């Protein structure tokens, strides 16, 4: 990429982090979302890491789960792991509360469940 494009990306990130800080300090509920499409889908977890410049790793994870469900009015159906709720689950090799970037490495994702079905299962069967 040309240097001017990289510079604009860096500037946009800095402004975004400042805006996130202002919203977080004002008590605004921070949700998660991404406009990444196609082959960039695997970079969605980067948003969670960027948020940890302002929020704790747990707050960042909650922004993508519980807060999103609440803001969509679906907190009775999704957003937390509870009996009777729909859940997409990850089993991760690592602790995202210590290093949220763990979620960015596909090889760390050992089990991916969507709607109760395993889409990836690399857990050792013993």
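Below is a table of values for the structure above.
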{"item": "Chain lengthening between residue 105 and residue 35 when straightened (0.36 nm per residue, less Cα-Cα)", "result": "23.2 nm"}
{"item": "Relative contact order (%) - criterion: Cα under 8 Å, at least six apart; region: the chain", "result": "17"}
{"item": "Spread of Cα-to-Cα distances over 10 Å intervals beginning at zero, given as percent, for segment 3-121", "result": "12, 37, 37, 12, 1, 0"}
{"item": "Of 93, 35, 76, the one that fluctuates the most in a GNM where the chain has Cα springs shorter than 10 Å", "result": "35"}
{"item": "Efficiency of FRET from Cβ geometry, residue 11 and residue 44, R₀ 30 Å, rounded to 0.05", "result": "0.85"}
{"item": "Order by protection proxy (mean Cβ within 10 Å, highest first), peptides 49-58, 111-120", "result": "49-58, 111-120"}
{"item": "Cα→Cβ-extended label distance, 7 Å offset, between residue 82 and residue 59, nm", "result": "2.3"}
{"item": "Global geometry of segment 1-62, whether rounded, prolate or oblate, following the gyration tensor of its Cα atoms and the 1.5 cut on a/c", "result": "oblate"}
{"item": "Bridge type composition, segment 3-121 - antiparallel percent by DSSP, nearest 5", "result": "100"}
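Throughout, read-outs are computed from the coordinates displayed, never taken from laboratory work. Fair warning: this is a prediction, and the values are worked out from it, not measured in the lab. Cβ: placed from backbone, ideal geometry, glycine included. Neighbour counts: every protein chain shown.
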